[in-house]
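Inspection log for the structure reproduced underneath, given as structure tokens.
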Amino acid sequence: MPQSLAGQVILITGASAGIGAALAKALAPSSNVRLVLAARRVEKLEEVAIACRSMGAEVLTVATDMAEPAQVEALAQAALEKFGRVDAVVNNAGYGQMGPIELVPTEAAQQQFAVNLIAPLTLVKMLIPPMRSQGGGRIVNISSLGGRLAFPLGGLYSSSKFALEGLSDALRMELEPFNIKVSVVEPGPVGTEFFDVSKQTVATAIANPTNTPYRAAFEQLDQLRGRLGRQLWTSEQVAQVIIKALSDRHPRPRYVAATGGNILLFLMTKVMPTWMVDDFWQRFYGIDRVAKDWQSNQAD
């Protein structure tokens, strides 16, 4: 573990499972590290805290609904009251609202942006002044390859991550004079609860997906995790990339955490024409089957 993290106070959101939990456990053996762990699920959060304490870390857990700005502000206050400072914040909490844009209720879209964008914004606004006063800090925002590449059925998720990337770029430039470093980590597909949560968001937001014009695409979406196969990273692999962003002396603006991710981004943003990129994603997510399926359904 990098010596630069020894004794630091590191705040991690979404720490009850997946990437956040893996990161907390990876940081715990660091000398005198102090962790502030936040999530909604208190029991799971405490399980992570117990594991981290057993490895020598001092841990504060704060039950936080990231969709509630007042709770996010209270999280920052609790961290500062307990430890007197926060050296680094990892805005990891987030989820994917899946579904065709026309079918997702406005309330679900608002919730997506509340968690994926407004919560990180609220938290860093609370922590920038104390970081400036203490001489610097780190902000690491967990985005996604979906924050650089939009894809069908994930438009709202990508929009929230595109916004988070724009926010991060502006913060990086604004905070450089105060020695506050800002980086983005962009995972690809990860074997976490993300896919299960995504299915739940579809079921909650869209009453009967198979009775819509997008039925064929929904059927293919259900098979997505299995189709990704070996491309799935573990939470522990992503956690190691985040640790690099936290510890590099001169952190990069972006860290890609995906097999072949840099090549994919280069091809799809610099080489391939837009029509070819569109065609790839339409086939990958089953949009290419929608018209024929819809017409057949109408004929019946």
Of those in the range 193-218 that are farther than 11 Å from Met98 by Cα, aliphatic (A, V, I, L, M) and surrounded by 20 or more Cβ atoms within 10 Å (Cβ to Cβ), the residue farthest from the chain's Cα centre (by Cα) is Ala216
Exactly one of (1) part of a helix (DSSP H, G or I); (2) surrounded by fewer than 24 Cβ atoms within 10 Å (Cβ to Cβ); (3) among the hydrophobic types (A, V, I, L, M, F, W, C); (4) within 22 Å of the chain's Cα centre (by Cα) is unmet by Ala78. Its number? (4)
What's the number of the only condition in (1) part of a helix (DSSP H, G or I); (2) of a type in the set (Gly, Ala, Ser); (3) within 25 Å of Ala79 (Cβ to Cβ) that Ser183 fails to meet? (1)
Of the residues that make up the range 156-178, is at least one in contact (Cβ under 8 Å) with a residue 60 or more places away in the chain, more than 22 Å from Leu23 (Cβ to Cβ) and either of a type in the set (A, V, I, L, M, F, W, C) or not in a loop (DSSP other than H, G, I, E, B) (or both)? yes
Inspect the range 56-69 for any residue being small (Gly, Ala, Ser) and in a helix (DSSP H, G or I) and give the result as yes or no. no
Any hit, the range 257-270, residues being among the hydrophobic types (A, V, I, L, M, F, W, C), modelled with pLDDT of 95 or more, closer than 30 Å to Asp87 by Cα and buried (at least 16 other Cβ atoms within 10 Å of the Cβ): yes
Within the range 252-288, the residues that are assigned to a helix (DSSP H, G or I), over 16 Å from Gly154 (Cβ atoms) and either of a type in the set (Val, Ile, Thr) or touching a His at 6+ places or on another chain (Cβ under 8 Å) (or both) are Ile263, Thr269, Val271, Thr274
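The values are calculated or read from the model by the stated rules, or taken from the named source; none is laboratory data. What you see is a predicted model, and the numbers here were worked out from it, not measured in a lab. Glycine gets a Cβ as well: all are built from the backbone with ideal geometry, and neighbour counts include every protein chain shown.
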